[in-house]
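Visitor: I'd like to ask some things about the structure below.
Readers should treat all values here as calculations from the given coordinates under stated rules, not as data from a laboratory. Just so we're clear, the structure is a prediction, and the values are computed from it rather than from any experiment. Here the Cβ positions follow ideal geometry from the backbone for every residue, glycine too, while neighbour counts run over all protein chains shown.
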Amino acid sequence: MNDSRQPPHDEMGDGRDFEAFYAREFRSVVGLAYALSGSRSRAEDLAQEAFVAVLRKWDEVARFDDPGAWVRRVTANRSVSWYRRVAAESRALLRLGNSDGGSPQLDIEAESLWAEGRRLAPRQAQVIALHYVDQRTVPEIGRILQCSENTVKTHLQRARNTLARRLKEHL
């Protein structure tokens, strides 16, 4: 006698849980990547790269208390790596006399804020983006970035102070 009952999704291994996770988290992760990169197309690339990393480890990540924190950490770390690579390439182009690096497509009001946000220390930029773009709490940010709540608070306060000072200078 054949048992035709289907096992729960997580036992099926058919990717449906990942698909639901992706559908639920993608827009928010792109928002985080956009705040960190300043480029809509780069934000989508960063998010896609992070979700590919999640998919490769889905059996493990799906068992985490908060898989969304893991994909955000991957996105934040990849954005820092991307920014460092772009900065190095820009310096090289400037040395060669080519200053046409293009500019991000942000609206005027957000341009100066996020441009300054991307100039922050990498961890401060991540904390600011997670807090204000992804609307994460201090404890959530700590879990995402794998640091203590006090460390998150310190980075958040330093970032706010730096941004306030820099934006005031632009007025």
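Visitor: Would you be able to tell me the number of residues in region 63-82 that are surrounded by fewer than 16 Cβ atoms within 10 Å (Cβ to Cβ) and either in contact with a His (Cβ under 7 Å, 6 or more places away or on another chain) or within 9 Å of residue 144 (Cβ to Cβ) (or both)?
Guide: Qualifying residue count for the region: 1.
Visitor: Within region 118-139, count every residue that is in a helix (DSSP H, G or I) and either among the aromatic types (Phe, Trp, Tyr) or over 12 Å from residue 32 (Cβ atoms) (or both).
Guide: 8
Visitor: Just to be sure, is residue 60 within 18 Å of residue 146 (Cβ to Cβ), free of Cβ contacts under 8 Å to residues at least 24 places away in the same chain and not in a loop (DSSP other than H, G, I, E, B)? Give the derivation first.
Guide: Working: within 18 Å of residue 146 (Cβ to Cβ): yes; free of Cβ contacts under 8 Å to residues at least 24 places away in the same chain: yes; not in a loop (DSSP other than H, G, I, E, B): yes.
Taking the combined requirement at face value, the residue satisfies it.
Visitor: In region 122-135, which residues are touching a residue at least 12 places away in the same chain (Cβ under 8 Å) and of a type outside the set (Ser, Thr, Tyr)?
Guide: 122, 123, 124, 125, 126, 127, 128, 129, 130, 131, 133, 134
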